[in-house]
Each structure stands twice: as structure tokens, then as C-alpha cells.
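Have a look at the structure below before the remarks.
The values are calculated or read from the model by the stated rules, or taken from the named source; none is laboratory data. Bear in mind the structure is a predicted one, so any value in this text is a computation, not a measurement. Counting neighbours? That spans all protein chains shown, and the Cβs are built from the backbone with ideal geometry, glycine included.
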Amino acid sequence: MRKLYAILVTLLFVTSVFGVASITADLGYSCDDYYRISRTSAHVGDIFTMSLHREATSDVKIDSETIGDINDEIEAKGGLPYQIGPLELINVEYFKEDWTLIHSGFVKQSEMGPEFSELVWIRWTFRAVSPGTVILTNDECGDTVTITIAPKSTPMNFFMKIIGFGKKK
């Protein structure tokens, strides 16, 4: 009976150590500052940016696609532009900690040289191409951000509204 208790206590100790270690594991970035997005709503044709901490690239998903998957698809396609839902990725820039530009333009992972050793921030520039929503998630931080793309209003729409055309019945 003592052996059984000893085994159970040891097992409980080992599992609690692994449980505490996984909870207190360092992400390599702060959940308060793993990304910077210029705005969460835009109209079709607008351009906006998302700057992402390099360490967070494995944790962040854009519409259920990881950043790594998107990079792989861009490499396979042969470069930019790349469509992600209602957005089109048109440029990628790589920065140091102090926001000094390392390189502008998409670079394959295999082609990153020694100048990328100080890489901390990656800025993606998007163009909104159609109305819709894009959801950014970070499961590690439990964070979700929704980017809404609205249709572009034209002067003709304003006059049509005054006259009464275009109303749904």
C-alpha cells in the first residue's frame, strides 16, 4: 500500500511541475505588445498596416491561417500580392527593435541572411479589396481582433439615396 501512495504522490508531483512550467513559460513577447495595427475598420481601397512581433508569428492567425502558412503560400506562389479574405497583402517590411528598417519587400525564410539576426518587428501592408471581415487571433494571449472592411461610398450612391433608388424592400 505504501508503494502505491509513493507512486501516486510522485505522479502528482511530476504532473504539477509540468503544469506550472507550461503556465509560466515565457512567450518571448508581451501579450500587451505583440502586434500593432493601424486601424480596425477601413473602406475598400484603403491601405493599412499590421506590425507583428517576430516571436508572435507562430501564435497569431489571420482567419484561421497561421503566419507561417501564409508565408509558405507566398513563397510557393512566388511573391506578393497575396489575397487573405477581403485583404490583399502588398508589402512586407522587416525592422530592428528600434524600428530601424532592415529590408523592404518579401523575403523567403531560406534567404534571410545575417542582417536579419536583429529582426524584431515585421510590418505587413494591406489593401482592402472587398467588403468583409478578417479576424486576427492569438490563442496564447486569448486575444481576438476583428477588422471590418466596408464598401466604398461614392457620390452617385448619395444621389441615388436622395431620389429613392437602391432601397431594399
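I'm trying to understand the selection: among the residues of region 44-63, which are within 15 Å of the chain's Cα centre (by Cα) and closer than 17 Å to PHE126 by Cβ?
Residues of region 44-63 that are within 15 Å of the chain's Cα centre (by Cα), as a first pass: 48-63.
Within region 44-63, PHE48, THR49, MET50, SER51, LEU52, THR57, VAL60, LYS61, ILE62, ASP63 meet the criteria.
Checking the structure you have, find out if any residue of region 151-160 is out of contact with any Phe, Trp or Tyr (no Cβ under 9 Å at 6 or more places or on another chain), free of Cβ contacts under 8 Å to residues at least 12 places away in the same chain and basic (Lys, Arg).
No.
When the residues of region 37-70 are filtered to those that are assigned to a loop (DSSP other than H, G, I, E, B) and of a type in the set (Asp, Glu), which remaining residue is farthest from THR148 (Cα to Cα)?
ASP59
Does any residue of region 151-166 turn out to be in a strand (DSSP E or B) and either surrounded by 12 or more Cβ atoms within 10 Å (Cβ to Cβ) or among the hydroxyl-bearing types (Ser, Thr, Tyr) (or both)?
The first filter runs over region 151-166 and keeps only residues in a strand (DSSP E or B), leaving none.
So far as region 151-166 goes, no, none of its residues is in a strand (DSSP E or B) and either surrounded by 12 or more Cβ atoms within 10 Å (Cβ to Cβ) or among the hydroxyl-bearing types (Ser, Thr, Tyr) (or both).
Mind checking which strands (runs of 3 or more DSSP E) fall wholly inside region 82-144 and carry at least 2 residues that are touching a Ser or Thr at 6+ places or on another chain (Cβ under 7 Å), acidic (Asp, Glu) and in contact (Cβ under 8 Å) with a residue 24 or more places away in the chain?
Working: elements: 82-84, 87-95, 101-104, 121-128, 132-138.
Of the strands (runs of 3 or more DSSP E) lying wholly inside region 82-144, none has at least 2 residues that are touching a Ser or Thr at 6+ places or on another chain (Cβ under 7 Å), acidic (Asp, Glu) and in contact (Cβ under 8 Å) with a residue 24 or more places away in the chain.
Only one of LEU101, LEU89, LEU119 is over 14 Å from MET50 (Cα atoms) and surrounded by 13 or more Cβ atoms within 10 Å (Cβ to Cβ); which?
On the way: LEU101 fails: surrounded by 13 or more Cβ atoms within 10 Å (Cβ to Cβ); LEU89 fails: over 14 Å from MET50 (Cα atoms).
When all the criteria are applied, what remains is LEU119.
Every residue in region 44-64 that is loosely packed, with under 13 Cβ neighbours inside 10 Å and either among the hydrophobic types (A, V, I, L, M, F, W, C) or at pLDDT 90 or above (or both), please.
Correct list: GLY45 only.
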